């Protein structure tokens, strides 16, 4: 039961509660007018059609999520909560999100086509072709005036400047863009002058990017004999072309980086190898220079070598002279020693002569001939034995007598035994 009398505050609170309870979160279409951007970041505007209007408020936390610039006169669709601003008793919409008018229908069309092509297997990983690691030429399907082409050219020139780019011009926005994109892809396939194709376009709204959500474009990419990289919009944008391409890049710049990845990596490897080679060559050169310095220190000037040879020759001459002197001294000493030994070994002739005379006299005294000369006789038996005793004799034995001069034969007639 309501009280009999309500205050204005109570009335407005009850009205607000009824509105928020009975009206769910809903979409409202209209034209933007009286747009105000408060310093707090909140947006305030009026949403109107031909016959009515309603005040709208979009708070900063929601407004900062809108990726495009809201302006007066734009046709938009607002997802909003129906409410009442109690302080002034004004009926208004608290806007949760905004999209340009017609995007809901476009998004539904996007989902239907996505589901259809997915069912056909056009998004399957197994049908996607590998990208050439070292493409010889890159084809770019885009608008010649688009920033995307400039981004691709700058990236390629920085990462693989030797890689040529062939542009297949086309519109990338508007009602005629899809047919031109298909024609450009088919032209690239027919000319067969590149081995990698980039289909790129810069960021924009869903309406701006819609040509890349057309079925004809998707099928042209799927049937292209040239591998395709799609770089459509910004990182958060996703198109049917991205899904059906052999590789999706977040931006046109990222697509160019993918296309040049092999060459860029090879250049990096070459740079590292060149650096390593330079380091090795420098180290080897320094080692050889040190060796040359060592050889240089060992290298002697001819004049210095001659002087050294003369000095060595003089030293050898001194040694030779010293050796000769030492040899002569040794020989002199040896001669002296031999003279001394000879002097001590030489016999005394007088002593030897006296001794010899004495020995001769003794010999003469022992000589039987000398005894014979003194009157003795030498007696032998007939068989030549000397007779020294009478016991050797028998009567009648023949004897030979030998005197100092001559001799005689005798017979024993008588033996004297005393």
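The values are calculated or read from the model by the stated rules, or taken from the named source; none is laboratory data. In this text, all values refer to a predicted model and were calculated from it rather than measured experimentally. Ideal geometry is used to build each Cβ from the backbone, glycine not excepted, and the neighbour counts take in all protein chains shown.
Some notes on this structure:
- Among residues of segment 38-75 being touching a residue at least 24 places away in the same chain (Cβ under 8 Å) and in contact with a helix residue (DSSP H, G or I) (Cβ under 9 Å, 6 or more places away or on another chain), the one that is surrounded by the most Cβ atoms within 10 Å (Cβ to Cβ) is 43.
Table: residues versus (1) farther than 30 Å from residue 159 by Cα; (2) surrounded by 10 or more Cβ atoms within 10 Å (Cβ to Cβ); (3) free of Cβ contacts under 8 Å to residues at least 12 places away in the same chain.
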{"residue": "282", "(1), (2), (3)": "no, yes, yes"}
{"residue": "291", "(1), (2), (3)": "yes, yes, yes"}
{"residue": "301", "(1), (2), (3)": "yes, no, yes"}
{"residue": "314", "(1), (2), (3)": "yes, yes, yes"}
{"residue": "317", "(1), (2), (3)": "yes, yes, yes"}
{"residue": "326", "(1), (2), (3)": "yes, yes, yes"}
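- Residue within segment 337-353 that is free of Cβ contacts under 8 Å to residues at least 24 places away in the same chain and either touching a helix residue (DSSP H, G or I) at 6+ places or on another chain (Cβ under 8 Å) or closer than 30 Å to residue 232 by Cα (or both) present: no
- Residue count for segment 186-225, restricted to those that are touching a strand residue (DSSP E or B) at 6+ places or on another chain (Cβ under 6 Å), more than 14 Å from residue 110 (Cβ to Cβ) and either buried (at least 19 other Cβ atoms within 10 Å of the Cβ) or not assigned by TED's automatic domain parsing to the domain that holds residue 110 (or both): 9
- Any hit, segment 369-391, residues being part of a helix (DSSP H, G or I), on the phi < 0 side of the Ramachandran plot and at pLDDT 75 or above: yes
- Across segment 4-37, the number of residues qualifying as touching a residue at least 40 places away in the same chain (Cβ under 8 Å) and outside any helix (DSSP H, G or I) comes to 10.
The rows are residues; the columns are (1) assigned by TED's automatic domain parsing to the domain that holds residue 28; (2) closer than 25 Å to residue 176 by Cα; (3) surrounded by 13 or more Cβ atoms within 10 Å (Cβ to Cβ); (4) in contact (Cβ under 8 Å) with a residue 12 or more places away in the chain.
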| site | (1), (2), (3), (4) |
| --- | --- |
| 88 | yes, no, no, no |
| 122 | no, yes, yes, yes |
| 126 | no, no, no, no |
| 132 | no, no, yes, yes |
| 139 | no, yes, yes, yes |
| 151 | no, yes, yes, yes |
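- Any hit, segment 357-364, residues being at pLDDT 80 or above, surrounded by 10 or more Cβ atoms within 10 Å (Cβ to Cβ) and farther than 30 Å from residue 402 by Cβ: no
- One residue alone among 117, 131 is touching a helix residue (DSSP H, G or I) at 6+ places or on another chain (Cβ under 8 Å), farther than 30 Å from residue 9 by Cα, modelled with pLDDT of 90 or more and part of a helix (DSSP H, G or I), and that residue is 117.
- Hits in segment 189-217 (condition: in contact with a helix residue (DSSP H, G or I) (Cβ under 7 Å, 6 or more places away or on another chain), farther than 21 Å from residue 145 by Cα and in a loop (DSSP other than H, G, I, E, B)): 194, 214
- Only one of the numbered conditions (1) part of a helix (DSSP H, G or I); (2) touching a strand residue (DSSP E or B) at 6+ places or on another chain (Cβ under 7 Å) is not met by residue 178, and that is (2).
- Some residue of segment 101-112 being under 27 Å from residue 259 (Cβ atoms), touching a residue at least 24 places away in the same chain (Cβ under 8 Å) and more than 48 Å from the chain's Cα centre (by Cα): yes
- Residue under evaluation residue 264, criteria (1) touching a helix residue (DSSP H, G or I) at 6+ places or on another chain (Cβ under 6 Å); (2) over 21 Å from residue 153 (Cβ atoms); (3) in contact (Cβ under 8 Å) with a residue 40 or more places away in the chain, criterion not met: (2)
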